[in-house]
Each structure stands twice: as C-alpha cells, then as structure tokens.
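Below you'll find the structure I mean.
The values are calculated or read from the model by the stated rules, or taken from the named source; none is laboratory data. Here the structure is a predicted model, which means the values were calculated and not measured. Here the Cβ positions follow ideal geometry from the backbone for every residue, glycine too, while neighbour counts run over all protein chains shown. The area values use the complete protein model at the heavy-atom level, side chains included, leaving out ligands, DNA and RNA. Shrake-Rupley method; radii C 1.70, N 1.55, O 1.52, S 1.80 Å.
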Amino acid sequence: MYPVSRSGPRLSLRELTPEDVDAMQAIYGSPEATQHLSFEPRTREQVGQILHRSVASATATPRTEYALAVIERDTNELVGFGRLATDPHQQRGATIGFALRPDTWGVGNGLEMLRLLLGLGFDDLGLHRIWGARSPLNEASAKTMTAVGMVEEGVIREHIHKAGKWRDSVVHAILDREWDSTASV
C-alpha cells in the first residue's frame, strides 16, 4: 500500500520525504523525546540515513515497513513519527512504534496517533495482531496503549542496552477482534 494517507480530527499520517529531516531531528535528536526509546539521541546525519531508508522501504514490494510522518492538520507541521513493521515470525502480525515532539505531549496527540496507526494495520492491511514494547518507566505510553485497547502482556527482560546498561521492555498488544475503529479519539 503506497502512499499511506489517514486522517483523524487533529492529526494525519503521510509518507515521509527527504525534506522531513529537520522535523524528524526535533524528535530523534531530543534527549527528552528519546528518554524512553531504545536509542540515544540521533545526530542530523543519522536521522538523514534513517529517513533515506524509510523513504526507500515505502515502495518496496512487498512492503514490510510503514514509517510515517505524523502531521498536525491545522499547521501541516510534522509533530511525530509512527512505524508499523510486519513481523516475519508471526502471520499477519506487526510491531508498532511511535514518538512525538515533546512540545506536543499531554493533549491527546499520542492517543490519536496510535489510533491512526492501528487503523492502518487492522482496517487497511488486514493484520491480526499488533504489538509494541515500552520502557517500564514510560507511564504516558502505558496509559496511551491501554486507552486504545492494547493489553499489557508481560516483560522482556534486559531487552534494550542503552546508556551502558540493560533495560527491560513491557509488551502491549491488541488483536483484530479487540480493535474498535469506531471509538472516538
């Protein structure tokens, strides 16, 4: 499926472009935004490389990764990044990841972004199961995933090596039969 375009009341998803590097840097280069992610803040060059790979993967056949820009509809400004990647070890399954620019936190953008990504996965791609992992300390992510119907399934022990030490990850997942595409954002 290319190009992806999904919209909610305040946000929309669109394909990434090479021109998004500075906006992506505001997320991936931010110590605050990456605090609970699986990596340290990225340099502009690293973000450019990630963006290049994401743009190239968008037209691959079959498409296995949906790395998408999250856009504020009123301003057309990139405020987040969302990713669905099909899981080669699970039939009709995918992993999900997402991040928002810190100055857009706390107003429901995470919930709307996650609903848009899950809608893509279940309604457009016909997936059966979508799962994601979060830092045990990321309570905001836990609340957001729970609010869209994702169930906490357990802990992957010492899953992420960051800042010189191992960190657990908490897994949340949702099945197609649990997804309610009509729920309000």
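Do the sum for the chain: with -39,500 (n - 2.57) for every DSSP H run of n ≥ 4, divided by all residues, what is the mean residue ellipticity at 222 nm, to the nearest 500 deg cm²/dmol?
After summing the helix terms and dividing by residue count, I get -7000 deg cm²/dmol.
For segment 15-155, what relative contact order do you get, as a whole percent, if you take Cα pairs closer than 8 Å and at least 6 residues apart? Spell out each step's value before the answer.
Details: 192 pairs, mean separation 27.4, N = 141.
This gives 19 percent for segment 15-155.
Related question: Could you tell me the accessible area of Trp105 in Å² (1.4 Å probe, neighbours in place), rounded to the nearest ten?
The accessible area of Trp105 comes to roughly 110 Å².
Might you tell me the accessible area per residue for segment 1-149, computed with a 1.4 Å probe and given in Å²?
On the way: 7190 Å² over 149 residues.
Result: 48 Å² of accessible area for each residue.
Could you compute the net charge surrounding His159? Neighbours are other residues with a C-beta less than 14 Å from the C-beta of His159; K and R count +1, D and E count -1.
On the way: positive: Arg134, Arg157, Lys162, Lys165, Arg167; negative: Glu153, Glu158, Asp168.
Once positives and negatives cancel, what remains is +2.
Taking 0.36 nm per intervening residue step and subtracting the Cα-Cα distance, what contour gain separates Met1 from Thr182 on full extension?
Working: separation 181, 0.36 × 181 = 65.16 nm, distance 2.22 nm.
Extra length available between Met1 and Thr182 comes to 62.9 nm.
Separate question: Between Asp123 and Glu19, what's the calculated FRET efficiency when r is the beta-carbon distance and R0 is 22 Å? Round to 0.05.
Details: r = 28 Å, r/R0 = 1.29.
The calculated FRET efficiency here is 0.20.
Further question: Take every Cα-Cα distance within segment 1-40, group them into 5 Å bins from 0 onward, and report for each bin the whole-number percent of pairs it holds.
Taking every Cα pair in segment 1-40, the percentages come to 6, 19, 17, 19, 23, 14, 2.
If I compute solvent accessible area with a 1.4 Å probe over the protein chains, what percent of it on the chain is carbon and sulfur?
Details: 4800 of 9610 Å².
About 50 percent, which is the carbon plus sulfur part of the accessible surface.
Rounded, prolate or oblate: which fits segment 120-185 when a ≥ b ≥ c are the square roots of the eigenvalues of the alpha-carbon gyration tensor, with rounded for a/c under 1.5 and prolate only if a/b beats b/c? Please list the in-between numbers first.
On the way: a/c = 2.80, a/b = 2.05, b/c = 1.37.
Cα axes put segment 120-185 in the prolate bin.
Tell me which DSSP H helices of the chain clear both cut-offs, 30 Å or more of axial length from alpha-carbon atoms and a mean Kyte-Doolittle hydropathy of at least 0.5. Write out the running numbers ahead of the final one.
Working: long enough: none.
TM-like helix candidates: nothing returned.
Taking the Cβ-Cβ separation of Trp166 and Thr75 as r and a Förster radius of 45 Å, what is the calculated FRET efficiency to the nearest 0.05? Numbers along the way, then the final one.
Working: r = 39 Å, r/R0 = 0.88.
So the FRET efficiency works out to roughly 0.70.
For segment 73-185, what is the Kirkwood hydrodynamic radius in Å, using each pair of distinct C-alpha atoms?
Working: mean 1/r = 0.0675 Å⁻¹.
One decimal place: 14.8 Å for the Kirkwood radius.
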